[in-house]
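Chemist: Just dropping this structure here.
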Amino acid sequence: MPLTDDEIAALGPAERIELVRRLKVGGVVEALVRTELRRARRRRAIALTITAVCTALLLPWVVYLAVTLPDQYVAQAWALTWTGFDVLLVIMLGLTAFFAWKRRVLVVLTSFATGVLLLADAWFDITTADPDDVRLSIVSAIVVEIPLAAFLMFVGVSIVWRIARLLNVMTGHGDARSGWRSTINSEIVHSDRDPTTSSRELQDQ
């Protein structure tokens, strides 16, 4: 006998996860997600290729810059450079606050990106400061920018950890642990394989 809407609404979190697992075993979930899993596999392959190539190309470029760049350089549009950077920082902080208020998943991206921008801000504040201002820049980085950056980046990472853990628990694949050792859902990582493959078989592979 099928479950009614009221019966489904009355299920607790553990019961709902068990229901999803039973649907999955019966082949209902696999039929719905096969196409998306194939797309996820292509996106993953593209992302891995692009990031690997960019990393390989940037390494010699960094060495070249370290050897050829002068210690001092007269910058053009100095005010525009820093004003534009700070405007971008304000926009990202505002978007992070908005997405957090609206409980949008995009807060993961904006919070982490804002944290990276704050670290860049601290770095360039210190490395480009005059000798008279460098102490103030260091204090500002230690007291404000670095702690705020760490907090925002942790917010984004912690949300990803929770989503990954929930996804792994619901599908019965992957590592259910949270934290740095949490892995991407095995059904996406191994989306070129049969989705009915057990988690033990995937781990052995």
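All of the numbers you see were taken from the coordinates with simple rules; none came from a lab. Remember, it's a predicted structure, so these values are computed and weren't measured experimentally. Positions of Cβ are generated from backbone atoms using ideal geometry, with glycine treated the same way; all protein chains shown enter the neighbour counts.
Chemist: Apply the Karplus parameterisation 6.51 cos²θ - 1.76 cosθ + 1.60, with θ equal to phi minus 60°, to every residue of region 49-58 and state each ³J(HN,Hα) to the nearest whole Hz, in sequence, with x for glycine and proline.
Modeler: For region 49-58, the Karplus-derived couplings read 5, 5, 5, 5, 5, 4, 4, 5, 6, 6 Hz, x marking Gly and Pro.
Chemist: A further question on this structure: Only counting other Cβ atoms within 10 Å, I'd like GLU18, GLU7 sorted with the fewest neighbours first.
Modeler: Working: GLU18 13, GLU7 10.
Listed from fewest to most nearby Cβ atoms, that is GLU7, GLU18.
Chemist: I need the P(r) histogram for region 75-171: all alpha carbon pairs, bin width 10 Å from 0 out to the longest distance, whole percents.
Modeler: The calculated distribution, bin by bin, is 16, 37, 28, 13, 5, 1.
Chemist: What distance in nm separates the two pseudo spin-label positions at LEU88 and THR127, each 7 Å out from Cα along the beta-carbon direction?
Modeler: 1.5
Chemist: Please give the length that would be gained between ASP5 and VAL53 if that part of the chain were fully extended, namely 0.36 nm times their separation in residues minus their C-alpha to C-alpha distance (nm, one decimal).
Modeler: Working: separation 48, 0.36 × 48 = 17.28 nm, distance 5.03 nm.
The span from ASP5 to VAL53 would gain 12.3 nm if fully extended.
Chemist: State to the nearest 20 debye the size of the charge dipole of region 75-171 about its Cα centre, where the only charges are +1 on K and R beta carbons and -1 on D and E beta carbons. All intermediate terms of the calculation are to be shown ahead of the outcome.
Modeler: Values: 6 positive and 7 negative charges, 180 e Å.
Charge dipole of region 75-171: 860 debye, to the nearest 20.
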